[in-house]
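Asks: Got a structure here, written out as structure tokens. Questions coming.
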Number of protein chains: 2
Amino acid sequence: MPKRFFQHINQFTTITQQEFEQILPFFEVNQLKKKQLLVEGNTTCDTIHFVLEGCVHMYFIGENGTKRTIKFAIENWWISDFLAFFQGSHTDFYIQAVETTKVLSINAKNHDALLDKFPALEKYFRIIYQISYGASLNKFRYLFDYSKEQIYFHFVKEFPDFAQRVPQYLIASFLGLTPEYVSEIRKKHVLKPA
Amino acid sequence: MPKRFFQHINQFTTITQQEFEQILPFFEVNQLKKKQLLVEGNTTCDTIHFVLEGCVHMYFIGENGTKRTIKFAIENWWISDFLAFFQGSHTDFYIQAVETTKVLSINAKNHDALLDKFPALEKYFRIIYQISYGASLNKFRYLFDYSKEQIYFHFVKEFPDFAQRVPQYLIASFLGLTPEYVSEIRKKHVLKPA
């Protein structure tokens, strides 16, 4: 299974199989059942996670008590409150399994030691964060500019894997739509395909 | 002036003054007058920019023709459409000077050559993007959860420098508020300080 992680690293930087065997012990494997929490909100954020198999979502609990999803991660995606992780501070975000999930987790101490020992991984993480940050700037664009229907169809087109796997109410939460609205435009789309 | 850039790099990684002298020629200096465009939308994005002095904003033109600011950068901030830069693709975003501005710009070819020659800079950029991405996840949180008034005061508290320097209509655009609304809550705040 970690073979997937080895391949992912080698998409962006170069490490050998031997190096990878030295890299793996810096991580721990976490197995999650559906709906199990990986990260509890209101705790110190000292870990980042790479999804080997399955799907998780990150959410906060709003002032009115509603859960609001701000990020998903499926295979080959990293997830954490990266600012709190960098600062070693408190996070408000929860991370929960959407389905049976296996992640590789690394804490801050191991993360720093790993990057000191394998500087090639600085390039790997630089590119991961560069792409993620760039993509989030685009998300602001479509949140600000698109109609609700456009937001939904943009998401389905960009991330067909999610749209298949993730319950409708979580997609609605992520896109800032009501579940009823998503259900409505899905029905409309089935009746009148574009 | 580039001394500021040298210090900024050394906040996150370690380079010597001699190395810095070899690093600088990879960049070009761009001087901008107030309102001058640094990047034109609908062009290939092949450059990222570091603000030495001044302030710029990045915006797109919405479907209804309105300009919408999605990011500011003042001294020591990087700005670009980082996803398009990584992919070497087309950007929809414009970058414009808010005041007289001086930036250091590096194109993709020089960027790759620079990081090959000075791998210590991988760490620098990894941390820059990690912080920026983490901060953008928090921005989704407050955009989704806060009232308009909370969004405005959160921004003013987090970024007092911007609030002083940037015209009110750009702050309004960035926060998804109308200029009239910002003007109103500013007045209210002056009359009834918190």
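Asks: Return the sequence-ordered ³J(HN,Hα) values of segment A:105-120 in whole Hz as given by the Karplus equation 6.51 cos²θ - 1.76 cosθ + 1.60 applied to θ = phi - 60°, using x for Gly and Pro.
Replies: In residue order, the calculated couplings are 10, 9, 8, 4, 5, 5, 4, 5, 5, 4, 5, 5, 7, 10, x, 4 Hz.
Asks: Could you tell me the center-to-center distance, by alpha carbons, between segment A:33-81 and segment B:111-171 in angstrom?
Replies: If we compute the Cα centre of each part, the gap is 21 Å.
Asks: Residue by residue through A:71-81, how many Cβ atoms from other chains fall within 10 Å of the Cβ on average?
Replies: For this peptide, the per-residue mean of nearby foreign Cβ atoms is 1.
Asks: Please compute the length gained on full extension between residue B:63 and residue B:19, using 0.36 nm multiplied by the number of residues separating them and subtracting their Cα-Cα distance.
Replies: 11.2 nm
Asks: Another question, if that's okay. To the nearest whole number, what is the average tally of beta carbon atoms from other chains within 10 Å of the beta carbons of peptide A:114-126?
Replies: The shielding value for this peptide is 4.
Asks: Restricting to lysines 8 or more places apart or on different chains, can you count the pairs in segment A:1-151 with Cα atoms under 13 Å from each other?
Replies: Lysine pair count for segment A:1-151: 5.
Asks: Along each of the three principal axes of the Cα atoms of chain B, give the extent in whole Å, ordering the values from largest to smallest.
Replies: Principal extents (Cα only, largest first): 55, 36, 31 Å.
Asks: How many nanometers, to one decimal and shortest first, lie between the label point of residue B:42 and those of its other copies, if labels sit 7 Å from Cα toward Cβ?
Replies: Copy-to-copy label distances for residue B:42: 5.2 nm.
Asks: For residue A:40 and residue B:158, what does the FRET efficiency come to when R0 = 22 Å and r is the distance between their Cβ atoms, rounded to the nearest 0.05?
Replies: Calculated value: 0.30.
Asks: Also, I was wondering about something else. Is there a simple number for the mean count of other chain Cβ atoms within 10 Å of the Cβ of residues in B:138-151, and what is it?
Replies: 4
Asks: Given charges of +1 on the Cβ of Lys and Arg and -1 on the Cβ of Asp and Glu, with all other atoms neutral, how large is the dipole of segment B:75-194 about its Cα centre, in debye to the nearest 20?
Replies: In debye, rounded to 20, segment B:75-194 gives about 340.
Asks: Let me ask something else about it. Can you work out ³J(HN,Hα) from phi for every residue in segment B:173-183, in order, using Karplus 6.51 cos²θ - 1.76 cosθ + 1.60 and θ = phi - 60°, giving whole Hz and x for Gly and Pro?
Replies: Values, residue by residue: 4, 5, 8, x, 10, 7, x, 5, 5, 4, 4 Hz.
Asks: Show me, bin by bin at 20 Å from 0, the whole-percent P(r) of the protein assembly as shown based on Cα pairs.
Replies: 25, 58, 16, 0
Asks: Collect residues whose amide H, placed 1.01 Å from N in the peptide plane, falls under 5 Å from the amide H of residue B:36; neighbours closer than 5 in sequence don't count.
Replies: B:97
Asks: Here is a follow-up. Each label point is 7 Å from the Cα along the Cα-to-Cβ direction; what then is the distance between the points at residue A:183 and residue B:149, in nm?
Replies: In this crude spin-label approximation the distance works out to 3.5 nm.
Asks: Among B:143, B:108, B:178, flag the residue with its Cα farthest along the positive direction of the charge dipole of segment B:100-194, charges on Cβ as +1 for Lys/Arg and -1 for Asp/Glu.
Replies: B:178
Asks: Now for a separate question. Tally Lys and Arg at +1 and Asp and Glu at -1 over the other residues with C-beta under 14 Å from the C-beta of residue A:47: what net charge comes out?
Replies: Residues near residue A:47 contribute -4 overall.
Asks: Less than 9 Å Cβ to Cβ from residue B:185, Lys/Arg counted +1 and Asp/Glu -1: what total charge do the surrounding residues give?
Replies: Once positives and negatives cancel, what remains is +2.
Where a number appears in this text, it was derived from the coordinates with a stated rule and is not lab data. Because the structure is predicted, anything quoted here is derived from the model rather than measured. When we count neighbours, we look across all protein chains shown, and the Cβ atoms used for this are built from the backbone with ideal geometry, even at glycine.
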